[in-house]
Every structure is written in structure tokens, then in C-alpha cells.
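Peer 1: The structure that follows is given in the form of C-alpha cells.
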Amino acid sequence: MTLFAPSDCARLIVKVGSALLVDADGSVRRDWLTMLARDVAARTRGGQQVAIVSSGAIALGARRLRLPKGGRASLEDAQAAAATGQIALSQTWAEVLAAEGLTAAQMLVTLGDLEERRRYLNAAATLNRLLGLGVVPIINENDSVATEEIRFGDNDRLAARVAQAAGAQGVVLLSDVDGLYDRNPALPGAVHVARVERIDAGVEGMADRGSASGMGSGGMVSKIAAARIANAAGAHLAIASGRVANPLSAGVRHTLFVAERAARARKAWLAGGLTAAGAIHVDAGAARALAEGRSLLAAGATRVEGAFARGDLVTIEGPAGTLARGLSEYDATDARRLLGRRSEEHEALLGYAPRAALVHRTHMALL
């Protein structure tokens, strides 16, 4: 079965892992990449718009610079390898796509480009224009300037955020594994999971944290996190093996994570965020109210973490874990003053007319 045919998926995001692009000796797997380019060309001729999230810059750069541990011995080595390898990676993609009559474009993004609302909208507009022109965007995290604290950390979640920004209906994570198993696939009796309708604790418990190749930064945990982001934005996500020729056209085995009903754009952006300026903890009663679609009132809040400002993105934490993400109506100092207090007490406590809620439901996305 072909993954996400053009007839039912107008826009597709394809993520390619390092182990598929680069051999253990650091050389590009050119023959395989050429076959993937043919798949992409066939899809574009069928009317589908395709963007590619490509790993491989650090692995390629490390070989050219002769850096130890694949360029990951230190942050400085990784940044240098990325800066060097990105040129080779972009050139390779441009060549294999040009051979199929396609034009490639490079987009390097940082976490902030997709987490800060205005920059997110700018990135989305660029993607939309490139895809509308029939160009194949090649997207990667800008590892040459990213730090350990401010980065996606893996291209699985980056692909899901790109799908959200592009309004894509499908995401394919091509990897060295062919999907999710009920346990580590190296263990006897491991069973392949073909379809996931809902990501719950049971599904997350199946994840193996390892990256089989040793080259990449993501494992099954990051892929499930990506599926959660993509599904919340209305995009189906498939984890599929890239260890075959023409991986987008063959009947390759995969795991499909089925999307929820698409959220409104702003709510999808909130739900898919990877960073937060702080957290507001709530009691069980407030957790139930949020589940019913209500705003977060101060009376149900029990604790505030962080030093956020009004309008910053915060998580809402319930007794059993993270419930929602939203924009705070107060800074952290004033939010702490209001903890557990009823609405009629707020003006006396703050010295100014209070707002309706700590986090209003229109600026909140449940998780």
C-alpha cells in the first residue's frame, strides 16, 4: 500500500533519518537518495506537494572535519559539523531532485522560529509559497547555532511542527525501523503494531528509547511525541522503514498514527509547542472543569512555577500530569497572589480590575 497517496493527501512531509542518508563511514548513500527523489517526483507529478525534513548534516560534516564520535563529542563539535555538513547535504539534495526536474529550496529553522507566534507565521508563509510554486523545501534544524537548551533535539518533532505550519495532511518518518512494536523489536516475540487510533500510556510504554544506528538523536519516544503533535494538528503520521528501495512507493510495512479532528490553527500551534515559560498547577476540580471546556480560574490553582509574563505560554498541570497549554492572562507574581482565591477577591488583592481567568479557554489547548 502506498503511504498517503496524492489523491487523499495534498501535502506531505517526509522526514529522512541520518542512518538512511549517511553510511557508517560518513559517505552519502547516493543511490538510495536517488531512488527517493524519483518517488518524490512521481508524487509531485500526481499533484502532491512534498517537503522534506532531512537529517544528516552533522554526520556529513563530522566526516569532512574528522571529528570523533560522529561530531557529537561536544556542542561545539556538533555546531561545527553541522555548519560544514549542511552545505554538502543541501547540494546533494539539489542535485538528486534536479535530475528529476525538481527545484529544491533550503530552510534552516530554530526552535524559536516555530515556538514564537510571529516567526511561526512567517515560516508558515514561506513554506506555503514554496510548495505553491512546486518547489521541494529541504528543511533542517539550524544546528550550527542551536544550543542544548534551545533546540528541537530531533527531526521527528521538527517534521511534525513543519506539517502543522504547512497545513499538511500526512507525515512519513522514514527511519531504520519499520514502525512501533509492543516491546523492543530485538526481543523475542515482539509484535508489530500496524495502527494506533489513540496515543495513551499503553502506547507510550511500548517505546524503546534507543536509536538503532547510533547516528541519530531520536528514538521511538521522539517518534511518538511527533505523532502526538501531528495528530493534534489534523495530520496522520506513519513510521516506516527506509531500508528499502523507493520507500514512498513500495508496500513498505509501517505504523499509522491516526489524526484527530483538525484543531483550529492557533489551538494546534499551542498544543504542538515544545517550550513553556512556566506552569500552573491545579486541583482535581479545576482539572474536571478544563476537560469540560472551561477557562482556568484562580480558585482551582494550587501552585505557580517559573517567572513568566502576561501572554507567555504556560503548561497547566493536574494531579495526573500535563492537562493543557495556554497563554497566561497574568504574570507569575500576580498569579501567585490569586492562588485559590475566588473571583470577587481579586480586585482587592491586585489593586486593579481583574481579568476573567488565569488562562482563558480561547487561548488554551487541551492535551
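The values are calculated or read from the model by the stated rules, or taken from the named source; none is laboratory data. What you see is a predicted model, and the numbers here were worked out from it, not measured in a lab. Here the Cβ is made from the backbone with ideal geometry for all residues, glycine too, and neighbour counts use every protein chain on show. Protein only, heavy atoms only, side chains kept; ligands, DNA and RNA dropped before computing areas. Shrake-Rupley method; radii C 1.70, N 1.55, O 1.52, S 1.80 Å.
Peer 1: Compute from the Cα atoms of the chain the Rg and the Dmax, the latter being the longest Cα-Cα distance, and quote both in angstrom.
Peer 2: When restricted to the Cα atoms of the chain, Rg and Dmax are 21.9, 71 Å.
Peer 1: So what is the accessible area of the chain per residue, in Å², with the probe set to 1.4 Å? Please report the intermediate quantities before stating the final value.
Peer 2: Numbers: 16230 Å² over 367 residues.
Ligands and nucleic acids excluded, the figure is 44 Å² per residue.
Peer 1: While we're here: For the chain, which whole-number percentage of the solvent-accessible area (1.4 Å probe, protein heavy atoms only) is attributable to carbon and sulfur atoms?
Peer 2: Carbon plus sulfur share of accessible area: 50 percent.
Peer 1: A further question follows. Once every DSSP H run of n ≥ 4 in the chain is given -39500 (n - 2.57) and the sum is divided by its residues, what mean residue ellipticity at 222 nm do you get, rounded to the nearest 500 deg cm²/dmol? Can you show the working numbers first?
Peer 2: On the way: 13 runs with 132 residues, N = 367.
Helix-only estimate at 222 nm: -10500 deg cm²/dmol.
Peer 1: Could you give the spread of the C-alpha atoms of the stretch 70-195 along their three principal axes, from largest to smallest, in whole angstroms?
Peer 2: 47, 36, 36
Peer 1: Per q in 0.12, 0.18, 0.21 1/Å, what log10 I(q)/I(0) does a Debye calculation on the alpha-carbon atoms of the stretch 1-112 return?
Peer 2: Listed by q, the Debye log ratios stand at -0.46, -0.91, -1.12.
Peer 1: Where does helix 117-132 land angle-wise versus the long Cα axis of the chain, in degrees 0 to 90, nearest 10?
Peer 2: In the chain, helix 117-132 runs at an angle near 30 degrees to the longest axis.
Peer 1: Could you tally the net charge around Ala307, taking each other residue with its Cβ under 11 Å from the Cβ of Ala307, Lys/Arg +1 and Asp/Glu -1?
Peer 2: Details: positive: Arg336; negative: Glu305, Asp312, Asp331.
The answer is -2.
Peer 1: Follow-up. Give the shape of the stretch 242-367 as rounded, prolate or oblate, defined through the alpha-carbon gyration tensor: a ≥ b ≥ c are the square roots of its eigenvalues, a/c under 1.5 means rounded, and otherwise the shape is prolate if a/b is larger than b/c and oblate if not. Provide the component values of the computation, followed by the final result.
Peer 2: Details: a/c = 3.03, a/b = 2.70, b/c = 1.12.
Prolate, since a/c reaches 1.5 and a/b exceeds b/c.
Peer 1: Averaging over every viewing direction, what projected area does the convex hull of the Cα atoms of the stretch 318-367 cover, in nm²?
Peer 2: Details: hull surface 15.5 nm².
If you wrap the Cα atoms of the stretch 318-367 in a convex hull and average its projections, you get 3.9 nm².
Peer 1: Roll a 1.4 Å probe over the protein heavy atoms and report the accessible area of Asp200 in Å², nearest 10.
Peer 2: Asp200 has an accessible surface of roughly 70 Å² with all protein chains in place.
Peer 1: Also, I was wondering about something else. Taking amide H positions as placed in the peptide plane 1.01 Å from N, state which residues far from Val193 in sequence (5 or more) or on other chains have amide H under 5 Å from it.
Peer 2: It is Leu180, Tyr181, Asp182, by chain and number.
Peer 1: Would you list the P(r) distribution for the stretch 270-336, with all Cα-Cα distances sorted into 10 Å bins from 0 and each bin expressed as a whole %?
Peer 2: 23, 60, 18
Peer 1: Quick check: the angle from helix 75-98's long axis to the longest principal axis of the chain, C-alpha only, nearest 10 degrees?
Peer 2: Between the helix axis and the principal axis of the chain, the angle is about 60 degrees.
Peer 1: Based on the Cβ-Cβ distance from Thr333 to Ala353, what FRET efficiency comes out when R0 is 22 Å, to the nearest 0.05? Walk me through the intermediate numbers first.
Peer 2: Numbers: r = 17 Å, r/R0 = 0.79.
Result of the calculation: an efficiency of 0.80.
Peer 1: In terms of modelled amide H atoms, which long-range or inter-chain residues lie less than 5 Å from the amide H of Leu173?
Peer 2: For Leu173, the qualifying residues are Lys15, Ala238, Ile239, Ala240.
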